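Derivation of every value follows stated rules applied to the coordinates shown; laboratory data play no part. Fair warning: this is a prediction, and the values are worked out from it, not measured in the lab. Backbone-built Cβ (ideal geometry, glycine too); neighbour counts: all protein chains shown.
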Amino acid sequence: MVIDFEHHLQPYEIWGKRGGKNGQRVLMRATDGRLIRPLDDATQDIQIHLEYMDAAGIDMAVLSGTQVDSLNEAKTFNDHFANIVRQYPERFVASVFIIIDCKVE
């Protein structure tokens with residue numbers, strides 16, 4: 001069995017908040033202008049992830065996220081990952097976000 005241990009996926013609403021646009025590849029940048037990562041449909045579309053996994057021979061992936069800016073974003077990631085794992089239990093397991101020092105919104 002081939003397992004991808006760090007498989008990045010963003011919930012659609014966070015992807016859009018960070019500049020993602022359907023059908024386009026945009027570059028996410030830090031406030032100082034540094035390039036952080038590209039955002040395209042594959043960043044948030046689970047069907048594209050499954051196609052890539054199949055093409056690469058990956059049987060299962062551990063979902064992981066990127067940085068979160070708030071407790072609400074952490075909850076959004078965790079809820080999204082839980083839904084994906086429920087939909088595809090043979091293909092995905094997930095890491096979770098735990099916020100230790102965060103202001104509650």
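Considering only alpha-carbon pairs that sit under 8 angstrom and 6 or more positions apart, the relative contact order computed for the chain is 30 percent. 3J(HN,Hα) along the stretch 72-80, derived from phi through the Karplus expression 6.51 cos²θ - 1.76 cosθ + 1.60 where θ = phi - 60°, amounts to 5, 5, 4, 5, 4, 4, 4, 5, 5 Hz, with x in place of Gly and Pro.
Pick out, in residue order, every one of the trypsin sites (Lys or Arg not before Pro) in the stretch 5-105 that is DSSP loop and has at most 15 other C-beta atoms within 10 Å; say none if there are none. Provide the component values of the computation, followed by the final result.
Working: sites: Lys17, Arg18, Lys21, Arg25, Arg29, Arg34, Lys75, Arg86, Arg91, Lys103; in loops: Arg18, Lys21, Arg25, Arg34, Arg91, Lys103.
Listed in order of number, the matching sites are Lys21, Arg25, Arg34, Lys103.
Dipole check for the chain: with +1 at the C-beta of Lys and Arg, -1 at the C-beta of Asp and Glu, and the Cα centre as origin, the magnitude is about 360 Debye. Computed over neighbours whose Cβ is under 13 Å from that of Lys17, the net charge equals -1, Lys and Arg +1, Asp and Glu -1.
Applied to the stretch 29-46, the Karplus parametrisation 6.51 cos²θ - 1.76 cosθ + 1.60 on θ = phi - 60° returns per-residue 3J(HN,Hα) values of 10, 6, 4, 8, x, 4, 6, 9, 5, x, 10, 9, 4, 5, 5, 10, 9, 5 Hz, with x for Gly and Pro. In this simple spin-label approximation, Gln24 and Ala55 carry label points 7 Å from Cα along the Cα→Cβ vector, and these lie 2.3 nm apart. Stokes-Einstein, applied to the Kirkwood radius of the stretch 23-105 over Cα pairs at a viscosity of 0.890 mPa s and 25 °C, places its translational diffusion at 169 µm² s⁻¹. Amide H contacts of Leu39 (H built 1.01 Å from N, in plane; Pro and chain starts excluded): Val26, Leu27, Met28 sit under 5 Å, all sequence-distant by 5 or more or on other chains.
Among Gly19, Gly65, Gly33, the largest mean-square fluctuation in a Gaussian network model of the chain, built with springs joining Cα atoms closer than 10 Å, belongs to Gly33. Label positions at Asp41 and Ile99, each projected 7 Å from the Cα along the C-beta direction, are separated by 3.2 nm.
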